[in-house]
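A.B. asks: Supplied in structure tokens, the structure appears directly below.
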Amino acid sequence: MSKERAIVVGAGGISGAWFPPLIAEKVRVQAVVDLNLATAQERIAQYELDAEASTDLRAMLDKHQPDFVVDLTVPEAHCAVTCTALRAGCPVLGEKPMASSMAEARRMVQASEESGQLYMVSQSRRWDTKHDQAARVVRGGKIGELTTINCDFFLGVHFGGFRDEMPSPLILDMSIHHFDLARYLTGADPVSVYCQEFNPQGSWYQGDVAASAIFEMTNGVIFAYRGSWCAEGCPTSWNGDWRFIGDRGTLLYDHDQTPCGQVVANHTGFSRKLKDVKIPAERVKHFGMHGALREILAFLRTGKQPQTECHDNIKSLAMVFAAIESNKRGKKVPVKGL
């Protein structure tokens, strides 16, 4: 039975995906903090929590002294919430994206360093069976030395509300998932990017909702990304459809199907003979937010560093803002993390 105590900050829609794993892991939620007190009270009643509802994070930190804080607020509030918790001596597990700007993200990393407290970001798609299988093939060298990553993401989605008015809805709100997956699946990190955002004819969005980007990654790997949220018909997966090319073969992962691939079986003939790649067995037991929660609990119990600790995750966020900068400047730009 878990002995960890937590304060949850933010009781909006996303919190509905977090309270079930918190309960499953028997984490004691001491308080739920939200700008709207009634919303916090509703969540406490919904999940039958023995917790206090409040609008004051500092007061709850002083009163309860939790083992960690779960930040489920909007991105614009992440910096203030996370820095407050860290400086109060509490590790933080926060929702993606890390922050609403690189300047804020760097302040959060600095707060983690100065306080000596962990700050990790939940990139939920890392805790997925098929993503784990693909990563083990690519990072394990089963298709040889990686040279190329391609990702396509095309959906026609009618959100209504704030996304329809955002300046860069695809890159800012969605592409962080794909950019972080590219890093996770391959072990490569971003170096530079050329990106062009645009708003296709017939779009129901005000901002640029489609983009094409070419990232140079470490070891000379090229990551080509194409995406749109106003592409009607023939949709890809929400995770994107991927092709990984190595110097010995190729791995495909699309429409959320189990990855498949082929590698060269011999080195003679105009077209080389190929053989199928053996895909590793499934091993992920806790998915999405539950997987992220398990990692911070493991850190609290054993000191094992989570894979999305802030010094690493800021590299994924940097890809987002570098892509936007490249579009504005009309040229290739470096991707600068810390």
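The values are calculated or read from the model by the stated rules, or taken from the named source; none is laboratory data. These numbers were taken from a predicted model, which means no experiment stands behind them. Backbone-built Cβ (ideal geometry, glycine too); neighbour counts: all protein chains shown.
A.B. asks: Looking at the stretch 131-175 only, could you name the residues that are of a type in the set (Phe, Trp, Tyr) and over 22 Å from residue 318 (Cα atoms)? Quick ask: steps written out before the conclusion?
C.D. replies: Just the residues of the stretch 131-175 that are of a type in the set (Phe, Trp, Tyr), to begin with: 153-154, 159, 162.
Scanning the stretch 131-175 gives 154, 159, 162.
A.B. asks: For residue 73, state whether it is surrounded by 15 or more Cβ atoms within 10 Å (Cβ to Cβ), part of a loop (DSSP other than H, G, I, E, B) and polar (S, T, N, Q). Steps first, answer last, please.
C.D. replies: Values: surrounded by 15 or more Cβ atoms within 10 Å (Cβ to Cβ): yes; part of a loop (DSSP other than H, G, I, E, B): yes; polar (S, T, N, Q): yes.
Yes: the conditions hold for residue 73.
A.B. asks: Let me ask something additional. Being in a helix (DSSP H, G or I) and aliphatic (A, V, I, L, M): is that true of residue 99 here? Working first, answer last.
C.D. replies: Numbers: in a helix (DSSP H, G or I): no; aliphatic (A, V, I, L, M): yes.
Spelling it out, it is not the case that residue 99 is in a helix (DSSP H, G or I) and aliphatic (A, V, I, L, M).
A.B. asks: May I ask you to verify whether residue 60 is under 21 Å from residue 317 (Cβ atoms) and either buried (at least 19 other Cβ atoms within 10 Å of the Cβ) or not aromatic (Phe, Trp, Tyr) (or both)?
C.D. replies: When the stated conditions are applied, residue 60 does not pass them.
A.B. asks: Test each condition in (1) of a type in the set (Asp, Glu); (2) free of Cβ contacts under 8 Å to residues at least 60 places away in the same chain; (3) over 25 Å from residue 151 (Cα atoms) for residue 325 and report the one that comes out false.
C.D. replies: Status for residue 325: all satisfied but (3).
A.B. asks: While we're looking at this one, here's another question. Name every residue in the stretch 102-117 that is without any contact (Cβ under 8 Å) to a residue 60 or more places away in the chain, of a type outside the set (S, T, N, Q) and part of a helix (DSSP H, G or I), in order of residue number. Even if it seems obvious, please write down each step before you answer.
C.D. replies: To start, the set of residues in the stretch 102-117 that are without any contact (Cβ under 8 Å) to a residue 60 or more places away in the chain comprises 103-104, 107, 110-111, 113-117.
Now drop any that are not of a type outside the set (S, T, N, Q), which leaves 103-104, 107, 111, 113-114, 116.
Within the stretch 102-117, 103, 104, 107, 111, 113, 114 meet the criteria.
A.B. asks: Can you name every residue in the stretch 1-51 that is surrounded by fewer than 20 Cβ atoms within 10 Å (Cβ to Cβ) and small (Gly, Ala, Ser)?
C.D. replies: Across the stretch 1-51, the qualifying residues are 2, 12, 13, 16, 17, 24, 38, 45.
A.B. asks: Within the stretch 79-96, can you find the residues that are under 21 Å from the mean Cα position of the chain (by Cα) and not in a helix (DSSP H, G or I)?
C.D. replies: Within the stretch 79-96, 91, 92, 93, 94, 95, 96 qualify.
A.B. asks: Another question, if that's okay. Restricting to helices (runs of 4 or more DSSP H) lying wholly in the stretch 118-202: which have 3 or more residues that are among the hydroxyl-bearing types (Ser, Thr, Tyr) and at pLDDT 95 or above?
C.D. replies: Numbers: elements: 129-139, 169-173, 175-186.
Where helices (runs of 4 or more DSSP H) fall fully within the stretch 118-202 and carry at least 3 residues being among the hydroxyl-bearing types (Ser, Thr, Tyr) and at pLDDT 95 or above, they are 175-186.
A.B. asks: Sticking with this structure for a sec: Would you confirm whether any residue within the stretch 316-333 is surrounded by 14 or more Cβ atoms within 10 Å (Cβ to Cβ), in a strand (DSSP E or B) and not charged (D, E, K, R)?
C.D. replies: yes
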